[in-house]
Ligand SMILES: [Zn+2]
C-alpha cells in the first residue's frame, strides 16, 4: 500500500543514490521538509515519473552546494515514484501516473497515490509555499521549456528563470502544476532527456535561483518568453500496430520525428506511413476527437493538414502507449 513518509532531515545516502537505487533508502513517496532562513518554503518535486532523473540529480546538487550552510529559505522536497524509478520506467503497470492524481483529478480519485498527493498538496498550501517547481524530463529530444497553467506575472517570472519558452496548458486534470493554479505560483520544468548532466544542472540552477529570490515580481533583466498554448494531444489508436503488420491497421512513424519539437511544421509535413485512414486520436481541450482538423492520410502518407508546433514528440513505443505521441500547439499572442 502506497503511503507518504515525511521527514525533516536528509535521509542517509540520498545525496549519492541514483534513481534506480533510491528504493534502498526510501520506502516510497517521501516528503523532506528542510529548515532554512525565515521565509515561505519552496516546494520542489522530482521523480513524479520514475524514468525522469534530472529532478533527483538537481536536488542532490542544490543540497550538496548548500552543505552545512542554512538554505536561503525552507525547502520542501517530494521524491515521487521510487518503485518505478527502480525499474527505470515512467510508472509501473497497475500504478496510476503520479502526475495525474493531484487534487482535481478525475481518474484514480480514490487511489492510495491520490491520497498521498492530496496530503502533500495540503501541506504545501498550509505552509503558504513561495512557489512549486515540478521537475521532469522528456523522452524525445526537446529544448528546455516550462509548463504553466495560468498567465500570471509571478508564474511568468518563474518560467522565465528557467527557459525562453513556456507552454500554457489548461488541460489534463490531476497534474501537480494545475492543482496549484490560483493558489501559489507553480511551474513544471521539462529538462530534455534523462541522464544528461547539463539538464540536471539547468534544473539545479533554477531551484538555487528561486531559493534566493525575495519575490517573483517581473524582472527587468529577464529575457522575453515565447508562450505556446496546447491545441490537442495526439494518441495512436490502441488497435493500431506501430510497425507494418499484415492483418491489422498499422502505422510506421518516421524515426527522427522528435527532432522537430518546438519547430513550426507546415501543412503536408509527413509523420509516417500507414494503411489506415486515421490511426491517430487527436483530443482537444473539450475532450473531442479532432483528428480530421489536423491530419490527413492520402496514399498511405499521414501528413498535417494545417500548420502547428509539436512538443513532447517521442518515437518510443512504451511512452506512446502509456502517455501520448505528442502535443500540438500554437504561439499565443502571435500575429502570424
Ligand atoms: Zn514527466
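Observations
- Filtering segment 256-287 to residues that are out of contact with any strand residue (DSSP E or B) (no Cβ under 9 Å at 6 or more places or on another chain) and either under 15 Å from residue 310 (Cα atoms) or at pLDDT 95 or above (or both) leaves 256, 259.
- Filtering segment 28-52 to residues that are within 16 Å of the ligand (Cβ to nearest atom), touching a strand residue (DSSP E or B) at 6+ places or on another chain (Cβ under 8 Å) and touching a residue at least 60 places away in the same chain (Cβ under 8 Å) leaves 29, 44, 45, 46, 48, 49, 52.
- Checking 188, 175, 139 one by one, the residue that is out of contact with any helix residue (DSSP H, G or I) (no Cβ under 6 Å at 6 or more places or on another chain) and in contact (Cβ under 8 Å) with a residue 24 or more places away in the chain is 175 and no other.
- When 64, 86 are checked against the criterion of being part of a helix (DSSP H, G or I), under 17 Å from residue 2 (Cα atoms) and away from the ligand (no atom under 16 Å from the Cβ), 86 stands alone in meeting it.
- Set side by side, the residues 69, 73, 64, 20 differ, and just one is surrounded by fewer than 24 Cβ atoms within 10 Å (Cβ to Cβ) and without any contact (Cβ under 8 Å) to a residue 12 or more places away in the chain, which is 69.
- Residue in segment 108-120 that is in the same structural domain as residue 205 (by TED's automatic domain parsing) and under 15 Å from residue 177 (Cβ atoms) present: yes
The values are calculated or read from the model by the stated rules, or taken from the named source; none is laboratory data. Just so you know, these numbers come straight off a predicted model, no measurement behind them. Virtual Cβ from ideal backbone geometry, glycine too; neighbours counted across all protein chains shown.
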